[in-house]
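The structure appears right after this line, and notes come after that.
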Amino acid sequence: MKLLGILILVLLIAFPTFATIRIVDNSAANPTAYQTVQAAHDAASIGDTIYVVGSTTSYGYFNSNKRLVWMGPGYFLDQNTGSQARLPSATISNGQFAAGSSGSIFCGISVANYIMISVNDIVIRRCNFFGADGYNVYATASNILIEQCYISNPNTYMSNVISLQSSHDVTIRNCYIYAAAYNAQALHSLSEAGPIDVRNCIIYGNISLTNVTFTDNILRNATNVVFTGTAYYNLCDGSQFGTTNGNQANVNMSTVFVGTGSSDAQWQLATGSPAISAGRFGGNCGMYGGDAPYILSGIPPIPTITLFDAPATGSTLNGLQTRIQARSRN
């Protein structure tokens, strides 16, 4: 409870005072908090921030008809030491941005199944998608930004990851995108979609996109790549993008990444990697390069508490001796 109080104070400092911060926490230590994300949504007003506290229990699903900021603590917190004092991620089963929710931001939350985007102007940032029967992100709207996310679908039968349907003005950048099934598509759109900008991503799986620009990506295990558009300065383990426009073909992927560390740290570039300075403007290819590099554990862009140490009891004479370490985040 003490940690939650400090967290609320940090959030009040980080966000405008006119927006209400609503805390979702299903732990027994905080019975007055909202127990599900839908309950917090229903109580919120337009422009409010919903902060979802880490928990080992899912917070269910939401269907949103309001413009809100959704904020969680990040993910892989037990793997990347010093990222947060409280280690569980905040997990939901699925969610939908429906009519009325245009302009919403969704950040730092883990999603067990999928997010549906049915309205324009949605940002999905620093989130972890870790499994679904079909897709992880399904969009039928436009002006969408998906950035700095770790999106992995381990379903070995069918695991389409991002399906953009007829969406327009979509940017996908600095993400890890993994489709396990051999016949699945990591990225998919209908023929009328576009323009779509995919840059500084690590993509594992097939692609079927229209009116797309690929820049500074690293493509692996893609046996079927179908797209209309252009590709610049990408690295591939085959000949998917050829060797014109700065693209590199048949790259030995064992030389590209460090290959050790946490689930997301292992995709940092190894010393001497062929992806270093191989980008279109001299930057690095992959999720840690570009103008919006991937952030370990998807830590949200607010101050975070990395250490909280306090005794269970205090005294009138000495008070409650508490030690706190916090770090600002971009």
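Tabulated data for the structure shown
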item: Per-region count, the range 185-214, residues part of a strand (DSSP E or B) and either open to solvent by 20 Å² or more (accessible area, probe 1.4 Å) or more than 19 Å from ASN252 (Cα to Cα) (or both); result: 17
item: Matching residues in the range 107-130 - criterion: being part of a loop (DSSP other than H, G, I, E, B), open to solvent by 10 Å² or more (accessible area, probe 1.4 Å) and touching a residue at least 24 places away in the same chain (Cβ under 8 Å); result: ASN120, ARG126, PHE130
item: Tally of residues being modelled with pLDDT of 95 or more and surrounded by fewer than 17 Cβ atoms within 10 Å (Cβ to Cβ) across the range 80-93; result: 1
item: Every residue from the range 149-161 that is open to solvent by less than 10 Å² (accessible area, probe 1.4 Å) and either at pLDDT 95 or above or farther than 25 Å from SER262 by Cα (or both); result: CYS149, ILE151
item: Residues that are open to solvent by less than 10 Å² (accessible area, probe 1.4 Å) and either part of a loop (DSSP other than H, G, I, E, B) or closer than 20 Å to SER152 by Cβ (or both), drawn from the range 58-72; result: TYR59, LEU68, GLY72
item: Candidate set from the range 217-238 (those that are at pLDDT 95 or above and polar (S, T, N, Q)); member that is most open to solvent (accessible area, probe 1.4 Å); result: THR228
item: Checking THR49 against (1) surrounded by 16 or more Cβ atoms within 10 Å (Cβ to Cβ); (2) over 19 Å from GLY298 (Cα atoms); (3) not aromatic (Phe, Trp, Tyr), the condition it does not meet; result: (2)
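Matching residues to (1) of a type in the set (A, V, I, L, M, F, W, C); (2) over 21 Å from the mean Cα position of the chain (by Cα); (3) within 18 Å of LEU145 (Cβ to Cβ):
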{"position": "ILE196", "(1), (2), (3)": "yes, no, yes"}
{"position": "ARG199", "(1), (2), (3)": "no, no, yes"}
{"position": "ASN206", "(1), (2), (3)": "no, no, no"}
{"position": "THR210", "(1), (2), (3)": "no, yes, no"}
{"position": "ASN217", "(1), (2), (3)": "no, no, yes"}
{"position": "THR223", "(1), (2), (3)": "no, yes, no"}
{"position": "PHE227", "(1), (2), (3)": "yes, yes, no"}
{"position": "TYR232", "(1), (2), (3)": "no, yes, no"}
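The values are calculated or read from the model by the stated rules, or taken from the named source; none is laboratory data. Here the structure is a predicted model, which is why all the values come from computation and not from measurement. Virtual Cβ from ideal backbone geometry, glycine too; neighbours counted across all protein chains shown. When the accessible area is computed, the model is the full protein with side chains, heavy atoms only, and any ligands, DNA or RNA have been set aside. Shrake-Rupley method; radii C 1.70, N 1.55, O 1.52, S 1.80 Å.
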